[in-house]
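J.: Take this structure, written in structure tokens, and hold onto it; I'll ask about it next.
The values are calculated or read from the model by the stated rules, or taken from the named source; none is laboratory data. Fair warning: this is a prediction, and the values are worked out from it, not measured in the lab. Quick reminder, even Gly has a Cβ in these numbers, built from the backbone with ideal geometry, and neighbours come from all protein chains shown.
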Amino acid sequence: MNGNRKMISILIPCYNEVENAQAIYEAVRDEMTNSCPQYDFDIIFIDNKSTDGTRDVIEKICAEDKRVKAIFNLKNFGQFNSPYYGLTQADGECVIAMCADFQDPVELIPKLLAKWEEGYKIVVTKKTKSKENPILYFLRTCYYKTIRKMSEVDIIEHFTGFGLYDKSFLKTLRDLHDPTPFIRGVVAELGPERAEIEYEQQLRRAGKTHNNFFTLFDGAMLSFTSYTKIGMRIAEFFGFGVAFVSFLIGLFYLFGKLFFWDRFVAGYAPTMIAVFFMGGIQLAFLGFLGEYVMSINTRVMNRPLVIEEKRINFDEKE
């Protein structure tokens, strides 16, 4: 390693990526060697308790190439904690975080570094197109626009975390001590001036996505409860509104009973509809409240981001 050359860390979080681990290592290695020969680099895999043989592949790579480091988590600590923790463990002049499934184009690495050399401490990537399911892409667009409207923080649309982070920003991440970090929100809220690079998201090279309705919903609720107050505000204003309308309806029924008793026949249908409607609304807003309470509870307990089972090729001091 040349002491005059800048060290670049490439972080690759993975979970059950046995078909992609070797290929992404080779692609990143070749891109850095051929397109960015002026830099030294290391590659850090952080594995979130894979069960398909991914760890065997990573250990083999680490044995053959000492520039490759690995952190094996004791358990699966979720899709947000593991990459965030990996960022805090890197010691390069900057860190480039990217997925192992090739949906984040390796060819963008030189562009990220070029923007960094211009002085930007953060360089984020934004999907302008995607080869994924168009309906899912449309729903993501609606989600991002909704969150941006609701939040006081300028949330970055179609930013998945793929980007470059200077070591000065990594210090901010280490000092944050948030047990449920949402890197996309942290970048928007606490990050310095950033550059943005647009790209088209590719399909997975191999394997199946690990995202499902529950993981996507979990991510949506994390950003919702961390960066918006709108859920509780809607519940509050809606409660006042329903109470006012109910008061007016009560006066109407009272007036009808007092002055039009013989001709005023309402039946039970309005009452039953009102009961079920209000019951559904109350349950929905109790769910919103529960999401906020769970978020608060997790932060109060202050659990560690991850617990390591093993690390490979890190210096003893690390």
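J.: Looking at region 68-77, which of its residues are of a type in the set (D, E, K, R) and either buried (at least 17 other Cβ atoms within 10 Å of the Cβ) or on the phi > 0 side of the Ramachandran plot (or both)?
T.: K69
J.: Let me ask you something else. Go through the residues of region 100-118 one by one and say whether even a single one is surrounded by 18 or more Cβ atoms within 10 Å (Cβ to Cβ) and among the acidic types (D, E).
T.: yes
J.: Turning to a different aspect of this structure: Restricting region 83-107 to residues that are part of a helix (DSSP H, G or I) and in contact with a helix residue (DSSP H, G or I) (Cβ under 9 Å, 6 or more places away or on another chain), which is farthest from K131 (Cα to Cα)?
T.: T88
J.: Taking the stated definitions as given, is Y25 buried (at least 22 other Cβ atoms within 10 Å of the Cβ), touching an Asp or Glu at 6+ places or on another chain (Cβ under 9 Å) and under 22 Å from R204 (Cβ atoms)?
T.: Yes: the conditions hold for Y25.
J.: Here's a follow-up. Check every one of the helices (runs of 4 or more DSSP H) wholly within region 144-242 and list those with 2 or more residues that are modelled with pLDDT of 75 or more.
T.: By residue number, 167-176, 183-190.
J.: Looking at region 50-66, can you tell me whether even one residue there is touching an Asp or Glu at 6+ places or on another chain (Cβ under 9 Å), within 14 Å of I8 (Cα to Cα) and not hydroxyl-bearing (S, T, Y)?
T.: Checked region 50-66: no residue is touching an Asp or Glu at 6+ places or on another chain (Cβ under 9 Å), within 14 Å of I8 (Cα to Cα) and not hydroxyl-bearing (S, T, Y).
J.: Is it the case that N4 is farther than 29 Å from S130 by Cβ and either surrounded by fewer than 23 Cβ atoms within 10 Å (Cβ to Cβ) or of a type in the set (D, E) (or both)?
T.: Yes; evaluated as a whole, the condition is true for this residue.
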